[in-house]
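Chemist: Structure provided below as structure tokens; questions to follow.
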Amino acid sequence: MTGVVRLEPVDEQNLEPLLSVAVAEAEPAEVMPPVAAPAGWSHARREAFREYHRASFGGLDAATRTAMYAIVVGGEVVGMIRMSRRDEPDVVEMGLWLGQSARGQGIGPAALRELLNLAAAAGVRTVVADTAAEHRGARSVLARCGAKLRDDGDRVYAEISLDVAPPC
């Protein structure tokens with residue numbers, strides 16, 4: 001996969017391509033909150049995926065306080081990155097997933113760099129994240145973008161200060 005990494009707000013135009021990547025190249029637990037539905041990518045789970053993403057269409061200042069972006073490389077949707085306002089002022093939590101075929105190619109750090117630019121433009125000063133300790137790829141992306149990592153058993157917590165330029 002080659003090309004510039006772009007972020008596009010998730011909308012009706014890219015929601016189905018995003019779902020297609022999720023179904024073909026990820027497990028439901030990797031890309032959305034748990035829902036009561038049959039295992040795998042059942043019809044109910046696909047509908048829940050759509051509704052979960054549609055809820056963010058209003059962005060950081062809407063009810064969900066979340067902005068989601070399709071990660072696009074070479075004109076193809078390859079994953080999603082989001083930021084959600086926290087209760088602390090000027091802090092957002094970020095989350096990211098990539099389809100299996102897009103992993104390990106530097107797309108994650110590039111997408112996070114773009115998200116950090118969007119966060120800074122929105123007045124955010126700190127970006128936080130947490131991931132499972134065994135997710136080495138996520139840990140690597142966060143570290144490459146200047147996150148301070150803190151291990152806490154089976155979880156890793158990350159913090160990126162936008163007061164300093166991240167190295168990613």
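The values are calculated or read from the model by the stated rules, or taken from the named source; none is laboratory data. Computed from a predicted model, the values in this text were never measured in an experiment. All Cβ positions, glycine included, derive from the backbone under ideal geometry; neighbour counts span all protein chains shown. Just the protein is used for accessible areas: all its heavy atoms, side chains included, with ligands, DNA and RNA removed. Shrake-Rupley method; radii C 1.70, N 1.55, O 1.52, S 1.80 Å.
Chemist: Taking the mean number of other Cβ atoms within 10 Å as a proxy for protection, how do you rank 146-153, 25-32 from highest to lowest?
Modeler: Averaged packing, sorted descending, gives the order 25-32, 146-153.
Chemist: When the accessible area of the chain is computed with all protein chains present and a 1.4 Å probe, what percentage of it is carbon and sulfur?
Modeler: 50
Chemist: I'd like the projected area of the chain, averaged over all directions, using the convex hull of its alpha carbons. Report it in nm² with one decimal.
Modeler: 9.7
Chemist: Hey, rough spin-label estimate for His43 and Arg6, points 7 angstrom out along Cα→Cβ, what's it come to in nanometres?
Modeler: Label-label distance for His43 and Arg6, simple model: 3.5 nm.
Chemist: Can you tell me the accessible area per residue over the range 36-168, all protein chains present, probe 1.4 angstrom, in square angstrom?
Modeler: 50
Chemist: Step through the residues of the range 133-150 one at a time and calculate ³J(HN,Hα) from phi using the Karplus curve (6.51 cos²θ - 1.76 cosθ + 1.60, θ = phi - 60°), rounding each to whole Hz and writing x for Gly and Pro.
Modeler: After applying 6.51 cos²θ - 1.76 cosθ + 1.60, I find 4, 7, 7, 4, x, 5, 4, 5, 4, 4, 5, 5, 9, x, 6, 8, 9, 10 Hz.
Chemist: Quote the relative contact order of the chain in percent (integer), defining contacts as alpha-carbon pairs under 8 Å separated by 6+ residues.
Modeler: 19
Chemist: Find, among the chymotrypsin sites (Phe, Trp or Tyr not before Pro) in the range 1-61, those assigned to loop by DSSP (not H, G, I, E, B) with at most 16 other beta-carbon atoms within 10 angstrom.
Modeler: Filter output for the range 1-61: Phe57.
Chemist: Ok, one more. Tell me what the chain gives for mean residue ellipticity at 222 nm when only DSSP H runs of n ≥ 4 count, each as -39,500 (n - 2.57), the sum divided by the residue total, rounded to 500 deg cm²/dmol.
Modeler: Computed mean residue ellipticity for the chain: -9500 deg cm²/dmol.
Chemist: Can you compute the modelled spin-label distance between Leu149 and Gln105, with each label point 7 Å from Cα toward Cβ, in nm?
Modeler: Going by the 7 Å Cα→Cβ label model, 2.3 nm.
Chemist: Follow-up question, since we're still on this one. Shape call for the range 46-98 from the C-alpha gyration tensor, a ≥ b ≥ c root eigenvalues: rounded (a/c under 1.5), prolate (a/b greater than b/c) or oblate?
Modeler: Oblate is the answer for the range 46-98, as a/c is 1.5 or above yet b/c matches or exceeds a/b.
Chemist: Another one. When a/c reaches 1.5 or more, the comparison of a/b and b/c decides; with that in mind, is the range 1-53 rounded, prolate or oblate per its Cα gyration tensor?
Modeler: Prolate is the answer for the range 1-53, as a/c is 1.5 or above and a/b outweighs b/c.
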